[in-house]
Structures are given as structure tokens and as C-alpha cells.
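Please treat every number below as a calculation from the coordinates, not as lab data. As the structure is a prediction and not an experimental result, all values here were calculated from the model. Every residue, glycine as well, gets a Cβ built from its backbone with ideal geometry; the counts of neighbours run over all protein chains shown.
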Amino acid sequence: MSDYITNSKNRKLKTKILLFLSRINIWAGKLPLSGQVIILMEWVLLLSLFFPWLQLVYLNNVVNEYYAFSHFALFVGYGVCAVTLIIPFFLLSHTKKEHLRGILPFRLSDTQAIVFIMSILLMTLLNLVIVNSLYTAELAVWATLGIGFKMAFSSITCILVASYFLSKSTKSANTDIYYIDHQTDDELDEYRWILTRDDEKKKKNMSLPI
């Protein structure tokens, strides 16, 4: 009996996870190409955490590799994990995102929020480049940046470039919507005389003969 309950819970959990992934796939498919590139680079950024970010070579030729969660990498891995959750939230969420914006005292567009967050992460990576040279002078014979750092730096650069095109596509879509609404108002003005004439007829019919 306990096995049946456990299996039932596992099936429900699996169904919820698959449904959630299916919704994400549908929402991501509705994004413009620039938004899809940002989502793809988010996966690359997350994948970079599984590769070494730093390599320190000591006098005894011992090579130590350090990942993004190491203090040698300034614990930047935790920031990367937070970013890979926040950026898709701005791109794929709708009602919850607007509810959060209603609480905040300021309002940022999706593109502005993405650029702001990625700029902070980029500055951290550039700071890590400077710190890497200090490791060479103080700790090791040679210090090099690993493949994980290069993947993260490349993905962040691509996200910033894609954000520019995402901003342009969003602005173009909003302009088209405004133009369509304005055209609709103009078309209604052309037929406003018909509505006015009907109102005048109603007023004449309702007037008393005396």
C-alpha cells in the first residue's frame, strides 16, 4: 500500500514537472529570436558552472582547478544561479511579473532589468580577471582562466547584444499596436456622423408634438 502511494506521488510530481516544462517551451516559442537567444545563452551560462573557472599551477607543478563556487572565483557561481532564475522570470512570466512590478516603487522594462543584472555579473567577471593576475603574483607560478569562465563571459556578452535587439523588437511591436489603435480611432471618426444622426432621430421621435 505504501509503495502504491509513493508511486502515485512520484507520478503526480513527474506530471507537474513535465507540464511546467511544456509551458516554458510554449512561452519560449512565442518570444522573438533575440529572446530565444537569451534563453539559450542562459543554459550555456548554467552549464559553465560544471567546468573549472580557474587553474593555479604551483612550484611543484601541481595544478589545482577551482570552480565558480570557490572563494578563488569570488563565489560567482551563486550569482550565476540567481541570474539563471531571474532572467527567464522576466522573459516568460506575465501575471506574477506584473504583480511584482506593482509592489516595487520603480518600474523597469524587461530589457532594462536584463541589462542591469547582466552588467553586474559582467563587472564581477572582469574583476575576476584582475584578481587572477594577483593569484599569479602571490600564490602560484601561473594562473589561467578555465573553460567555465570563458563560456560564462561569452554567454553574458551574447545576452547583452541580444538584449539590444530584444529592445528594438519590443519597441517596434508597441509602436505597431499604438498605430493600429490610432487607425481604429480614425476609422470610427469617419462613421461618427452616422451615430450622431441616429441620436438626433431618437431625440426627434421622443419630442412632444406640442
| request: Provide the FRET efficiency to the nearest 0.05 for the L59-T157 pair, computing r from the beta carbons and using R0 = 45 Å. | output: 0.80
| request: Would you mind checking K16/K97; K97/K168; K14/K171 for any pair whose Cα atoms are more than 29 angstrom apart? | output: K14/K171
| Dimensionless Rg ratio for the stretch 34-171, taking C-alpha atoms and the 2.2 N^0.38 Å reference | 1.21
| Per-residue Cβ neighbour rank within 10 angstrom, fewest leading, E98, E65 | E98, E65
| query | Taking other Cβ within 10 Å of each residue's Cβ, how do T6, T84 sort, fewest first? | reply | T6, T84
| query | In the stretch 117-172, which trypsin sites (Lys or Arg not before Pro) are in a loop and have at most 10 other Cβ atoms within 10 Å, using DSSP for the loop call? | reply | none
